[in-house]
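Notes for the one structure printed next.
The values are calculated or read from the model by the stated rules, or taken from the named source; none is laboratory data. Since the structure is predicted, the reported quantities are computational estimates derived from the model, not experimental observations. Positions of Cβ are generated from backbone atoms using ideal geometry, with glycine treated the same way; all protein chains shown enter the neighbour counts.
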Amino acid sequence: MGRTHRVGDQRQQQRLERPGLTVDHALGRQLERFPNLPHDLVGAELFFKCENFQKAGAFKVRGASNAVFGLDDEQAKLGVCTHSSGNHALSLSYAAGRRGIPCNVVMPRTAPEAKKAAVRGYGGKITECEPSTTSREEVFAKVQAETGGEFVHPYNDPRVIAGQGTCSREFMEQTGGVDMMVAPIGGGGMISGTCLTLSNIAPEVEIIASEPEQADDAYRSFKAGHIIADDAPVTIADGLKVPLKELTWHFVSNHVTDILTATEEEIIDAMKLTWQRMKIVMEPSCAVPLATILKNKDKFAGKRVGVIITGGNVDLDKLPWIK
């Protein structure tokens, strides 16, 4: 009986395999194997690195994990602390939770509730501040003095930058290379990690940073040749409100080819396009690169372009196109 059953399975498998080959051949050119946009919409071949699918929902878990797991046992006893508008906060909380150490975070009171909830869910303790660089740094100084935790800066930290750089390394391995790499810029952690990696393994790749017009301190700094800080910018791209620092400015000024900006409306349109056409949930901050590509099609025409979707931690109750 058992023998007959196996023979039947073999025959059934043969019947299924042959049509399967035919179906694969017939549909192979019709189906997408990864998220994409029509070539005629952009005029370039775009490759998306989807860090919104990463642990903690954002690329920042790379740098946070590199910092947390690089601490020796003595340093780790008091835990870690940071200030962040969102994704670094929840990424550091996630990494600290994995190691079993405390995590204290200073967040603007205006930070998305979804991100605050995620921080608490990962075990992080939140202290709120006003939505300005000055308030953030003042409140953080008090928290660090009280806890004694190891400060893991959201971006101006070599451990964090090195961790973020693994994203571009993976991307180049997965795609076989591109002509340009485009990523959003706020404080500069992701773009610095991108510069660190590509300057070593693919120096021919142009690195483009994208920024909201209403928080364009990096753009103005790039044009002026020195850091110009904006204390309290107002933009829907909440993850890009922070200014460059000395370490990230070094990478930006030495390796970034250009910085492009987009209006709030252009950011919303790019975000909606990605949700609707690619079925990918991204934050407003992550839509800025695509917005600048669509705005500057001639610059990217005919190129292989890498685009880093940096995170997907969206407050669904506050989508920017819902009035």
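Of all residues in segment 37-61, which are part of a helix (DSSP H, G or I), over 15 Å from Ser93 (Cβ atoms) and either among the polar types (S, T, N, Q) or under 19 Å from the mean Cα position of the chain (by Cα) (or both)?
The first filter runs over segment 37-61 and keeps only residues part of a helix (DSSP H, G or I), leaving 39-42, 51-53, 55-57, 60-61.
When the remaining residues are screened for being over 15 Å from Ser93 (Cβ atoms), the result is 39-42, 51-53.
Answer for segment 37-61, where residues must be part of a helix (DSSP H, G or I), over 15 Å from Ser93 (Cβ atoms) and either among the polar types (S, T, N, Q) or under 19 Å from the mean Cα position of the chain (by Cα) (or both): Glu51, Asn52, Phe53.
Within the option set Ala183, Ala162, being buried (at least 24 other Cβ atoms within 10 Å of the Cβ) and not in a loop (DSSP other than H, G, I, E, B) holds for one residue only, Ala183. Working only within segment 225-265, note down all residues that are over 21 Å from Ile161 (Cβ atoms), assigned to a helix (DSSP H, G or I) and touching a strand residue (DSSP E or B) at 6+ places or on another chain (Cβ under 9 Å). Within segment 225-265, Asp238, Glu264 qualify. Listed by first and then second residue, the pairs with beta-carbon distance under 6 Å, at least 6 apart or on different chains, first residue in segment 225-243 and under 25 Å from Gly312 (Cα atoms), second among the basic types (Lys, Arg), are Pro233/Lys241.
Cβ-Cβ distances below 6 Å connect the following pairs, each with a first residue in segment 149-161 that is over 10 Å from Ala64 (Cα atoms), a second residue that is charged (D, E, K, R), and a separation of six or more residues or different chains: Asn156/Lys245. Identify the single condition in (1) surrounded by 24 or more Cβ atoms within 10 Å (Cβ to Cβ); (2) under 24 Å from Leu294 (Cα atoms) that Pro233 does not satisfy, given that it satisfies every other one. The number of the failed condition is (1). For segment 264-319, a tally of residues being of a type in the set (Ser, Thr, Tyr) and touching a Pro at 6+ places or on another chain (Cβ under 8 Å) returns 2. Taken together, Gly177, Gly188 contain a single residue that is of a type outside the set (Phe, Trp, Tyr), surrounded by fewer than 24 Cβ atoms within 10 Å (Cβ to Cβ) and on the phi > 0 side of the Ramachandran plot, which is Gly177. Within the set Thr197, Thr175, Thr133, Thr166, the sole residue that is modelled with pLDDT under 95 and more than 23 Å from Ala237 (Cβ to Cβ) turns out to be Thr175.
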